[in-house]
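Step one of this worksheet: look at the structure below.
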Amino acid sequence: MRIAIAVLLALLAILHPIPCFTQETTGNLEGQVMDEAGQAVPLAGVTVTSPSLQGTREHVAAPDGYFGIFNLPVGIYTVKISHINFHEVTYENVPIRLGRTTTLGEVRFTSKAFEIPEVVVKEQRPLIDPTSTAIGATLTSGQFQNLPLDRDYQSITTLIPHANESFFDDGVNFAGATGHENKYFIDGVETTDPHKGTTGTTLPYNFLQELEVKAGGYEAEYRSSLGGIVNVISRSGGNEFHGQAFGFFTNNQLEGTTRHSFKDPPTDDFLNYDIGLSLGGPIKRDKLWFFAAYNPSFVTEDVEIPGIGFHQDKSVTHVFAGKLTWKATDKTNLNVTITGDPQKREKVYDAGAYGVVAVENADVLLADERTGGVNLLINGRHVFSDNLFLESSVSRITRKQKLEASMEREEVTFVDRETGIWSGRFPEPTDAYSVQVTGSVKATFVLGRHMLKTGLEYRDSQLDFMTDFRLIERYDDTTYTEIVIAQPMGTVHNRIPSAFVQDSWRITDRLRINAGLRWDGQYLIDSYGEVAQKITGQYQPRFGFVYQPGELGSQRVFGSFGRFYQELHLELSKRTHNDLSVFRLTGFDHDPRIDPTGGSVLLSVGGFIHPEVEGLKGQHYDEFTLGYERQLGNRLALGARGVYRTLGEGIEDGLAEDIGEYRYGNPGKGDLSDFPEMKREYTALELTAQMHGGAGYSVRASYVLSRTYGNYRGLIGDPNFSDQYDLLEMLTNAEGLLPNDRTHVFKLSGSYELRFGLVAGTSFTWQSGTPLSVMEGSSVPGWLNFAQERGTAGRTPSIWDLNVRFVYELAQLVKTALQPRLILDILHLGSQREAVDFDQVQNLDGVTPNPTFGLPTRFQSPTAVRLGLEVDF
């Protein structure tokens with residue numbers, strides 16, 4: 001059955017290929033044609049052209065004067081609107097943005113009875129999308145290329161409201177969620193690692209044309225997440241050859257002094273640089289275009305191994321992207337896209353994170369690491385008419401994470417907790433390889449004032465894995481423990497069928513209703529190929545409205561309600577749907593290296609296929625939004641929005657005390673009925689302003705007042721298998737302000753072009769601190785309880801971060817066909833290097849004071865300088 005479905009979708013993709021309905025790769029254009037008296041003009045002709053479009057697209061306005069042209073490649077367009085009885089109107093420099101609808105508002109014709117020149121509107125800057133209720137924004141390459149950002153596109157998301165940098169090593173947090181709850185798309189392909197949901201494929205911003213962020217409020221056609229959705233499209237070819245060469249460099253000589261905590265290993269010299277080249281153009285004009293890009297990056301850093309000395313940690317990442325854009329017929333377009341980011345690293349593990357004071361042999365902390373992956377997509381579009389589109393796609397992504405000891409050693413890893421000395425082999429050899437294949441088909445029907453969409457999707461996520469972890473710890477001469485995590489090579493799957501139906505109903509010229517229903521199933525397959533767990537009741541109603549008072553396109557009142565599910569990562573199945581997967585904690589009164597017998601098992605998880613949980617609910621949240629946005633003139637837009645998001649269900653593992661075994665499920669139900677139900681609420685007020693002054697300047701500002709409260713942080717560490725619900729006693733005092741709660745966050749970013757070829761860009765963030773708690777040891781060694789109500793031990797300091805970029809166009813000095821730009825980035829300018837996290841554990845055993853309790857564990861980065869050169873040709 002699975003093979004038949006895959007074959008069917010592949011045939012559809014070949015015959016009528018189009019982008020995957022999970023995320024858009026195009027934008028839309030709409031408007032309404034009227035005469036001088038404000039009466040609708042039916043049957044007006046609309047023609048659009050663009051360097052991003054192969055050929056032209058034509059459309060005929062409806063009887064009420066409305067026109068909508070959908071699935072346009074992102075870019076800058078010229079729009080010509082004509083009618084036999086009226087003078088032609090031309091709009092130039094019309095932006096079509098990723099995942100957004102650009103409105104021309106009311107297009108006013110002038111009768112040919114009056115002799116006037118052709119009407120040409122040279123600057124039309126619609127800043128409001130009159131069709132969508134989504135939380136988020138779209139940024140163009142012209143906006144972010146002049147801003148001081150990290151090289152990877154994922155850092156761009158922190159410019160958007162509700163998207164905050166996390167200091168917990170889980171990437172960007174959206175709307176109170178964690179980094180493991182985000183999804184990342186490149187050219188319509190989801191590149192998020194299906195194993196643990198860590199960030200997706202790395203790409204430098206030089207490869208990108210636009211970036212779209214959705215943090216909620218989106219329609220039923222989109223596969224959802226518990227956090228945010230980051231969707232980017234890479235650059236394409238065109239009818240003219242074009243390209244870019246670039247390079248960036250920084251090292252420790254260009255950086256201020258780093259503040260190290262007691263947990264951080266001392267570091268010395270470091271070097272970080274990357275170079276790149278991209279080229280695009282026609283293979284056949286208006287028929288077949290290509291784009292290819294390559295960006296190797298190199299990072300080295302000297303890291304101290306306690307008791308040994310400094311050792312070099314170094315990595316090489318090969319980032320690449322390629323795209324073919326083919327206009328197969330006048331009505332069919334096909335895209336083939338490939339991206340990847342394989343990395344090889346000789347890694348020095350963080351001694352502080354493991355509590356290492358010293359080592360007897362260096363290789364206990366040394367490993368060879370292979371990560372990254374490759375993504376392939378075939379997609380396209382078939383246009384039957386102005387009112388009917390068929391879309392389909394097939395994609396395949398792979399992700400690898402392989403860790404192996406840099407030197408073979410037979411001895412088991414041994415830790416003396418009294419002295420903090422480690423010895424033996426590297427403790428965590430791991431081999432995980434994920435493959436995700438997705439096929440989809442979608443149809444769009446425009447029927448009068450309705451735009452109906454419906455689609456099917458089938459996804460198979462697969463994980464091949466192996467882990468061999470063994471660690472012996474000595475506490476004193478009569479207290480030893482042995483930790484074993486054994487996961488021999490096995491394979492598990494999550495197979496996810498999806499379907500949706502959606503209607504965007506333009507009830508009047510001013511009121512639009514978006515309503516839809518999405519369904520996602522989950523079928524978790526164990527290592528024997530059998531269905532181990534089903535989740536089938538994941539129905540997701542989504543509703544939104546947009547009302548435009550005043551002049552069309554100038555302002556909107558909007559609101560939405562929706563339910564949003566996220567599928568389970570494969571880590572849960574790896575742990576519970578493989579009967580060879582075992583976690584065991586054993587206590588000894590002697591050294592088990594000498595005599596491995598006589599131990600007492602303190603904790604054991606796994607060793608069997610987890611029984612199916614009847615009535616298991618998928619992890620999801622419900623969300624309500626209400627907002628207002630207004631455009632003032634052609635350059636300024638102001639907005640306000642309220643957001644309430646509450647977790648409906650979550651999935652975690654915990655010790656079911658009545659049966660004496662660990663089980664996963666919905667806390668508060670079934671085997672976990674003794675546990676409290678999961679709670680996480682995000683409440684926010686968002687204020688925004690954006691201003692665009694053509695090529696001269698661009699400014700974006702936001703303020704978010706928010707509260708994140710509950711007893712569950714979300715997906716962290718090993719998703720759905722973290723320690724948050726392991727023991728019932730851990731939930732005492734667990735409800736309160738969550739670790740990523742930030743009451744106030746203000747953001748400002750923008751760029752300004754000076755007259756003599758210098759562009760200045762900046763990004764600034766001020767944010768209040770995060771809540772602190774007091775933790776203490778539980779009845780099981782290594783597990784922690786809340787000693788007082790969560791989040792009531794104060795907050796970390798409020799912090800600010802200022803970054804500046806200066807770009808100088810060398811063409812101002814040297815006349816050349818090339819367009820070279822010198823780039824100077826000053827990152828974390830004036831950094832106060834404030835503490836951003838603290839040791840919150842007052843004791844590990846319920847009695848003995850922790851000497852590092854209350855000390856900082858992490859600080860802000862120091863001021864750093866990065867040098868760059870970009871040459872367009």
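The values are calculated or read from the model by the stated rules, or taken from the named source; none is laboratory data. Note that the coordinates shown come from a computational prediction; the quantities given were computed from them, not determined experimentally. In this analysis, Cβ positions are derived from the backbone assuming ideal geometry, glycine residues included, and neighbour counts consider all displayed protein chains. For the accessible areas, the whole protein counts, side chains as well, though only heavy atoms, and no ligand, DNA or RNA atoms are used. Shrake-Rupley method; radii C 1.70, N 1.55, O 1.52, S 1.80 Å.
A few remarks follow.
- Residue selected from the stretch 492-514 under the condition assigned to a strand (DSSP E or B) and either of a type in the set (S, T, N, Q) or without any contact (Cβ under 8 Å) to a residue 40 or more places away in the chain (or both), by the criterion most open to solvent (accessible area, probe 1.4 Å): L511
- Which numbered condition T419 misses (of (1) of a type in the set (V, I, T); (2) at pLDDT below 95; (3) in contact with a Leu (Cβ under 8 Å, 6 or more places away or on another chain)): (3)
- Residue ranges of strands (runs of 3 or more DSSP E) in the stretch 790-873 with at least 1 members small (G, A, S): 835-838, 864-872
- The stretch 191-208: number of residues that are under 17 Å from D152 (Cα atoms), open to solvent by 10 Å² or more (accessible area, probe 1.4 Å) and not hydroxyl-bearing (S, T, Y): 1
- Within the stretch 458-469, the presence of a residue that is under 30 Å from A40 (Cβ atoms), open to solvent by less than 30 Å² (accessible area, probe 1.4 Å) and not acidic (D, E) is excluded.
- Candidate set from the stretch 515-530 (those that are open to solvent by 40 Å² or more (accessible area, probe 1.4 Å) and not in a loop (DSSP other than H, G, I, E, B)); member that is nearest to V441 (Cα to Cα): W519
- The stretch 532-560, subset in contact (Cβ under 8 Å) with a residue 60 or more places away in the chain and of a type in the set (V, I, T), residue most open to solvent (accessible area, probe 1.4 Å): V557
- Every listed requirement among (1) within 30 Å of L754 (Cα to Cα); (2) modelled with pLDDT of 95 or more; (3) in contact with a Pro (Cβ under 9 Å, 6 or more places away or on another chain); (4) open to solvent by 40 Å² or more (accessible area, probe 1.4 Å) is met by N803 save one, (4).
- Residue list for the stretch 703-718, restricted to those being open to solvent by less than 20 Å² (accessible area, probe 1.4 Å), of a type outside the set (A, V, I, L, M, F, W, C) and in contact with a His (Cβ under 9 Å, 6 or more places away or on another chain): S706, G714
- Consider the stretch 261-301 and keep the residues that are in contact (Cβ under 8 Å) with a residue 60 or more places away in the chain and assigned to a loop (DSSP other than H, G, I, E, B). The one that is most open to solvent (accessible area, probe 1.4 Å) is F262.
- Selection status of R833, open to solvent by 70 Å² or more (accessible area, probe 1.4 Å), at positive phi and touching a residue at least 40 places away in the same chain (Cβ under 8 Å): yes
- Qualifying positions in the stretch 108-136 - at pLDDT 70 or above, open to solvent by less than 90 Å² (accessible area, probe 1.4 Å) and assigned to a loop (DSSP other than H, G, I, E, B): F109, T110, P126, L127, I128, D129, P130, T131, S132, T133, A134
- Residue among E369, E411 that alone is closer than 30 Å to T852 by Cβ and open to solvent by less than 40 Å² (accessible area, probe 1.4 Å): E369
- Residues located in the stretch 52-80, provided they are of a type outside the set (G, A, S), assigned to a loop (DSSP other than H, G, I, E, B) and exposed (fewer than 14 other Cβ atoms within 10 Å of the Cβ): T56, P63
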